[in-house]
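Read through the structure below, which is laid out as C-alpha cells, and then see the notes.
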Amino acid sequence: MAEAAVKPQSSAAGATRLKIEGLNAYYGESHVLHGVDIEVKRGEVVALLGRNGAGKTSTLRSVMGLVGRRTGSIVFDGVETAKLAPHRIARLGIGYVPEERGIFASLNVHENLMLPPVIKPGGMSVPDIFTLFPNLKERLYSPGTKLSGGEQQMLAIARILRSGADFILLDEPTEGLAPVIVQQIGAAVRRLKESGLTMIVVEQSIHFVSTIADRFYVMEDGHVVDAMTAAELAANRDRLVTYLGV
Amino acid sequence: MFELLGIPPQALFGQLLLGLINGSFYALLSLGLAVIFGMLNVINFAHGALYMVGAFVAWYLLQYAGIGYWGALIITPVVVGILGLVIEKTMLRHLYKLDHLYGLLLTFGLALILEGGFKYQYGVSGQSYPVPAALNGGTNLGFMFLPFYRGWVVALSIVVCVATWYAIEKTRLGSYLRAATENPKLVQAFGINVPVMITMTYGTGVALAGLAGVMAAPIYSVNPLMGSNLIIVVFAVVVIGGMGSIFGAVASGYLLGLMEGLTKVFLPEASNIVVFLIMVVVLLLRPAGLFGRER
Ligand SMILES: Nc1ncnc2c1ncn2[C@@H]1O[C@H](COP(=O)(O)OP(=O)(O)O)[C@@H](O)[C@H]1O
Ligand SMILES: [Mg+2]
C-alpha cells in the first residue's frame, strides 16, 4: 500500500483520479481497444457510451486488470496500474460492478453483500445499505441468484458501497431492468454522486445518464470517438443519436 | 436370498465396520479432491501418492525422531501441506492457462515419481506401524467386537469432514472459497488475493490426504503402493458424489464404503467392483453425480 502515499494532489477537489492513455487491449489474437484516452476527476460522474461491442466493458476490465493483455498507461491516484494484479488495483479504492452483475449462486444474499473486503474506511454501513435498498433486507438468506434482476443489480452495487471503494465502475446498471427499478437505481446513483463518490457509468443509451453524468465519452470499434460535457449535451443530441443509433 | 438369514451378526457388523473404515478414508481423500477440483479445476492425481507420503512421514517421525502417532497426527499434515504449496507454486500454477488435462497429466506424473521413488527405496513390502498405546485393544459390543483404534479412525474422519464442510459452507473464509470457485477473477477484482487462496487450497487439500495417511498407517501397512490402490476407488467415489460437491464427496465416501462392506457379506465376488458398477450406473443416469449440480 506504500504507493498510495505518492499522490498528494489527488485529495484536492477536481484533481485527476484516473488517467487512461493510449490503452490497447487484446483477447488472444483479437485487438479490441485501439489507443483509448479517458480522464476522470475527483467527484465526477463520467458516462461511457457506445453501441454493443464498442469496447466499453473492455475498457472497465482493463482498468481492473482483468483483460488478458493490455498496453498503454492507466494511472489511478498517481499509481501506474498497468502491471498490478487485480486485487492490488482494487485495493487502491476501485469498486467494480460488472455488466453480468456477478452475483454468486453458492452464496446467500448476506454472504454476497459481505464478500468484498473493506478496502478503505468510510464505506456504507449495512443498515444504511438496507435503507437505500430495502428489498435486500427481506431476502437476506436466499441464494444470491434467486433474486430478481433488479435486486441482483442492487446487491452488486451494495456490496461495493460497503467496501469503502470511492471510485466506482458501473457497467450497464440498467440493462434489462423494468423502468420502476431503473428509477430506483437512478436515485441510488444520484445519492452516491452527492456523497462525493467518483464514478464511470457505462450505458448504451443516454436515457439513464443524461441527468446524472458530468461528462460523456462515446466509443466506437474500440476508439473514443467523441467527448462532451453535460453543458454541451443538449446542443449535441443529434450527433449522439447517430453514434448510438437510438 | 436365504443366506441372508444365515449370516451371523458378528460377520455382518464386522464387514460393515470394515466398510465404514474404508469409507472414512474414501471420504477424507475425496473431500480433498473435491476442494482442489472446485478451486483449481485440477483433478489431483497425486492425491493417493501424497496420502502414501503422509504415512511414510509418520513412519519416519517414529523411526528417526522418536515422535509417535499423536505427534505425527499434527506434524504430518503440515509437512504434506507444505509439499503441496511447493508443488502448486512451482509447477501447477504454470498450467492453469492451458487445458485442465495438463494439470491432470502433471499430477499423474508426480504420483508416478513419488511412488517410484519410494518403491525404489523400500520395495513393495510394507513397513509396520504400531497402533498407539492408548488405543490398543477393543471392546465387545455384544453384536460385534470393536477395536478402539478403528472406532477412533471413524470418529476422527467424521469430525474432520464435518469441520471442513462447516468451514467451507458457514464461515467467511469459506464464502471466499465458494465465490472464487465460481468466479475467481471477480473475487480478485474485489481485492482478495486469489492466487494465494489457490495455493492455500491445494496445500489444505493435500494436507487432508497426509492426515489420512497417518490414520491409515496402523491399519494398512505403510507401503509405496498404498495410495495407488486406494485412489482409483476414490476417483470413482468423487464421480459418484458429483465433481466439486463437498457434501457429495463426503457422503458418497461413507456410503460406498458401507456398500462395499455389505457386498462382501452377500456377494463377496463382487466386492471389488461394486463401486465401479455404481459409478457406471450413475454416469449413465445422472452424469453430474448424486449430489452434483446439473449444468
Ligand atoms: N472474452 C472475449 N473474447 C474475445 N473477444 C471479446 C471478448 N469480450 C469481448 N470481446 C470483443 O471485444 C469487443 C468489445 O467488446 P466489449 O468491450 O464487451 O464491448 P461493449 O461493452 O461496448 O459492448 C467486441 O468486438 C467483442 O466481441
Ligand atoms: Mg459491455
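Each value in this text was obtained by applying a stated rule to the coordinates, not by laboratory testing. Predicted model, so just to flag it, every value in this text is computed and none were measured. Using ideal geometry, Cβ is built from the backbone for each residue, glycine included, and neighbour counts are taken over all protein chains shown.
Data overview
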| read-out | value |
| --- | --- |
| Rel. contact order, % - alpha carbon contacts under 8 angstrom, at least six apart, the range B:248-295 | 31 |
| Between the range B:86-141 and the range B:1-56, the Cα center-to-center distance that results, in Å | 15 |
| Cβ neighbours within 10 Å from other chains - mean over A:102-111 | 5 |
| Residues whose placed amide H lies under 5 Å from that of residue B:127, excluding near-sequence neighbours | B:222, B:223 |
| Residues of type lysines that residue A:137 reaches as a straight line, Cα spacing below 28 Å, ignoring anything fewer than 8 places off in the same chain | A:120, A:146, A:193, B:170, B:185 |
| More than 30 angstrom apart: percent of Cα pairs within chain B | 32 |
| Packing-based ranking, highest mean first, of A:112-122, B:158-168 given that Cβ atoms within 10 Å are counted | A:112-122, B:158-168 |
| Beta bridges per DSSP with both ends in the protein assembly as shown, % antiparallel, nearest 5 | 60 |
| Stokes-Einstein diffusion coefficient of the range A:30-187, Kirkwood radius over Cα pairs, 10 °C, 1.306 mPa s, in µm²/s | 96 |
| Cα→Cβ-extended label distance, 7 Å offset, between residue A:141 and residue A:242, nm | 5.9 |
| Simple Cβ-charge dipole of the protein assembly as shown, Lys/Arg +1 and Asp/Glu -1, about Cα centre, in debye nearest 20 | 680 |
| Residue order, fewest to most surrounding Cβ atoms within 10 angstrom, among B:149, B:51, B:202, B:69 | B:149, B:69, B:202, B:51 |
| Span per principal axis, largest first, for the Cα atoms of the range B:56-211 (Å) | 57, 42, 29 |
| Separation in nanometres of the label points that stand 7 Å from Cα toward Cβ, at residue B:196 and residue A:130 | 3.2 |
| Nearest 10 degrees, 0 to 90: helix B:226-241 Cα axis against chain B principal axis | 70 |
| Extended-chain gain in nm, criterion 0.36 nm per residue less alpha-carbon gap, residue B:96 and residue B:155 | 17.6 nm |
| Solution diffusion estimate, µm²/s, Stokes-Einstein, the range B:176-260, Kirkwood Rh from C-alpha pairs, 37 °C, viscosity 0.692 mPa s | 219 |
| The range A:17-244 - share of DSSP beta bridges that are antiparallel (%, nearest 5) | 55 |
| Average other protein chain Cβ within 10 Å of Cβ, residues A:231-242 | 0 |
| FRET efficiency, 1/(1 + (r/R0)^6) with R0 35 Å, evaluated for residue B:7 and residue B:120 via beta carbons | 0.20 |
| Protection proxy ranking, peptides B:256-264, A:179-187, average beta carbon neighbours within 10 Å, highest first | B:256-264, A:179-187 |
| Contact order relative to length of chain A, as percent, for alpha carbon pairs under 8 angstrom and 6 or more apart | 26 |
| Relative contact order, percent, the range B:32-90 [alpha-carbon distance under 8 Å, six or more residues apart] | 23 |
| Ranked by how many other beta carbons lie within 10 Å on average, peptides B:228-236, B:18-26 from highest | B:18-26, B:228-236 |
| Alpha carbon convex hull of the protein assembly as shown, volume per residue in cubic angstrom | 189 |
| Average partner coverage of A:79-88, which counts Cβ from other chains inside 10 Å | 3 |
| Extension reserve of the residue A:187-residue A:148 stretch, reckoned as 0.36 nm per residue once the Cα distance is removed | 12.2 nm |
| The range A:98-246 pair-distance distribution - Cα-Cα, 5 Å bins, rounded % | 2, 9, 18, 21, 19, 13, 9, 7, 3, 0 |
| Linear extension gain, residue A:105 paired with residue A:221, 0.36 nm per residue minus alpha-carbon span | 38.4 nm |
